[in-house]
Amino acid sequence: MTIYDFRRIALSFEGAEESSHMGAADFRVGGRIFATLASAKQGYGNLMLTSEQQAVFVEELPDIFLPVHGGWGRGGATHIRLSAATEDVLTGALQTAWKLRVDKNAKSRAKTSPRAQEELAKPRRKTGAKTRSKKH
C-alpha cells in the first residue's frame, strides 16, 4: 500500500475530510483527527486508536503495526507500515480508527447541553483583521 491508498481509503468513510496539522495531512470526521500521514516519509500512516486496540493490532501483525514513539504511542497512536499492509488490513485499521472517532464524537455531543449544542450549530463569523472606519 502507498500514501495514495491510505488517503483514498481514509476519505472513503462517511464524513471523512482531509485537513492538515503541523504541515502533515490528516483525516478527520466531525472535525477531529482519526488518522494522519505525519510519518509518510518513514513509510508509515498513523492511526488514532485506543491503547487496547493498538495492543491487539501489534500482537496480531507486529510486522505491520507498531506504536508511535513516546507519549502519543502510549495513548494509542499507532504506525501502520504501508509497504507491508494489504488493502484489507489497511481498510480495516482505518475503519477502526474512524469508528472510534465517530463514537467519541457522539459521546462528546451527548454530554453537551441542548443549549450549548444550539450555540455550536450556529454559523460563525470568520475572524480576521478588524476593519475600522478612518476619521479624517
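The values are calculated or read from the model by the stated rules, or taken from the named source; none is laboratory data. Here the structure is a predicted model, which means the values were calculated and not measured. Here the Cβ positions follow ideal geometry from the backbone for every residue, glycine too, while neighbour counts run over all protein chains shown.
If you go through the stretch 39-56 and keep only what is over 19 Å from PHE13 (Cα atoms) and surrounded by 22 or more Cβ atoms within 10 Å (Cβ to Cβ), you end up with TYR44, GLN54.
Which of the residues belonging to the stretch 1-35 are among the hydroxyl-bearing types (Ser, Thr, Tyr) and either under 19 Å from SER108 (Cα atoms) or in contact with a Gly (Cβ under 9 Å, 6 or more places away or on another chain) (or both)? Lay out the reasoning, then the answer.
Residues of the stretch 1-35 among the hydroxyl-bearing types (Ser, Thr, Tyr): 2, 4, 12, 19-20.
Across the stretch 1-35, the qualifying residue is only SER19.
Among residues of the stretch 18-38 that are free of Cβ contacts under 8 Å to residues at least 24 places away in the same chain and within 18 Å of THR50 (Cβ to Cβ), those with a Cβ under 7 angstrom from a residue that is surrounded by 15 or more Cβ atoms within 10 Å (Cβ to Cβ) and charged (D, E, K, R), sequence gap 6+ or separate chain, pair up as THR36/ASP26.
Between LEU100, LEU66, which is part of a helix (DSSP H, G or I), modelled with pLDDT of 95 or more, touching a helix residue (DSSP H, G or I) at 6+ places or on another chain (Cβ under 9 Å) and surrounded by 10 or more Cβ atoms within 10 Å (Cβ to Cβ)? Reasoning before the result, please.
On the way: LEU66 fails: part of a helix (DSSP H, G or I).
Among LEU100, LEU66, only LEU100 is part of a helix (DSSP H, G or I), modelled with pLDDT of 95 or more, touching a helix residue (DSSP H, G or I) at 6+ places or on another chain (Cβ under 9 Å) and surrounded by 10 or more Cβ atoms within 10 Å (Cβ to Cβ).
Would you be able to say whether some residue in the stretch 2-20 is surrounded by 12 or more Cβ atoms within 10 Å (Cβ to Cβ), part of a strand (DSSP E or B) and among the aromatic types (Phe, Trp, Tyr)? Within the stretch 2-20, not a single residue is surrounded by 12 or more Cβ atoms within 10 Å (Cβ to Cβ), part of a strand (DSSP E or B) and among the aromatic types (Phe, Trp, Tyr). Screening MET1 against (1) more than 13 Å from ILE80 (Cα to Cα); (2) in contact (Cβ under 8 Å) with a residue 24 or more places away in the chain leaves a single unmet condition, (1).
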